[in-house]
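Heads up: the structure comes next, in structure tokens.
The values are calculated or read from the model by the stated rules, or taken from the named source; none is laboratory data. Everything numeric here is computed off the predicted structure, so don't read it as measured data. So basically every Cβ, Gly included, is an ideal-geometry build from the backbone, and we count neighbours across all protein chains shown. Ligands, DNA and RNA are stripped out before the accessible areas are found, and what is left, the full protein with its side chains, is counted by its heavy atoms. Shrake-Rupley method; radii C 1.70, N 1.55, O 1.52, S 1.80 Å.
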Amino acid sequence: MPYLGSNPKTINTRYITDHQEYIGTGDTATNSGYYTFYANYTPGQVSVIIRGVHLASSDYLATNGTDIRILQSSITLNADDVIEIIGHTVPASQVLERSEVNITGGQASNLEKVDAKYYMNRDTFTADMHVPAGYNAFFAGPVNFTGTINVEGVLNVI
């Protein structure tokens, strides 16, 4: 029975999203020279939105998994500014590296929307599948492929 990848891999499908919303300047006393905001996240898996603008990761420090620091000299926050922090905690066992997947040719099919919150897919795909560059696709696994798969974008099996 063919699988996507070299070997079937058991992965932990649990993750945590911590969504915090702050009004104002946050904590300015703990880390001198920084506005500090708190959320749980895996480093590299956090989004910071100020006044509706998504900041580039180079605009803040988020390395310890618990706080996000914005240099006070780079931005002035006002008492009524809205700061949104969205942190994701992703267990290392959930990440499937590209090197662990052997993919060639194809086109995605047989995905049907059941409800606004639920999606289903078949457990076996015989058709070819293609995920173009700039697109993300996912399957609920385990999934067996007998066709060819071409992934130029991102394909996740969750």
Length added when fully stretched, Asp80-Asn31, from 0.36 nm per residue minus Cα-Cα: 15.5 nm
From phi via Karplus (6.51, -1.76, 1.60), per-residue ³J(HN,Hα) for the stretch 75-85 in Hz, x at Gly/Pro: 8, 10, 9, 9, 4, 9, 5, 9, 10, 10, 10
Quick one: if you stick a label point 7 Å off each Cα along the C-beta vector at Thr126 and Leu55, how many nm between them? 5.4
From most to least accessible, 1.4 Å probe, no ligand or DNA/RNA atoms counted, Ser74, Ser32 line up as Ser32, Ser74
Residue-wise HN-Hα coupling along the stretch 134-150, computed from phi with Karplus coefficients 6.51, -1.76, 1.60 (Hz; x: Gly, Pro): x, 10, 10, 9, 8, 10, 8, x, x, 10, 10, 10, 10, x, 9, 10, 10
Listed residues Asp128, Asp18 arranged by accessible area, highest first, probe 1.4 Å: Asp128, Asp18
Round to the nearest 0.05 the FRET efficiency obtained for Asn144 and Asp18 when R0 = 41 Å and r is the Cβ-Cβ distance. 0.70
Long-range amide H partners of Leu77 with built H, under 5 Å: none
The long-range amide H neighbours of His130, using H built 1.01 Å from N in the peptide plane and a cut-off of under 5 Å, are Gln107, Ala108, Asn150
3J(HN,Hα) from dihedral phi, the stretch 152-158, Karplus parametrisation 6.51/-1.76/1.60, rounded to Hz, x for glycine, proline: 9, x, 10, 10, 10, 10, 10
Interchain or sequence-distant (5+) residues whose placed amide H lies within less than 5 Å of the amide H of Thr124 are Asn144
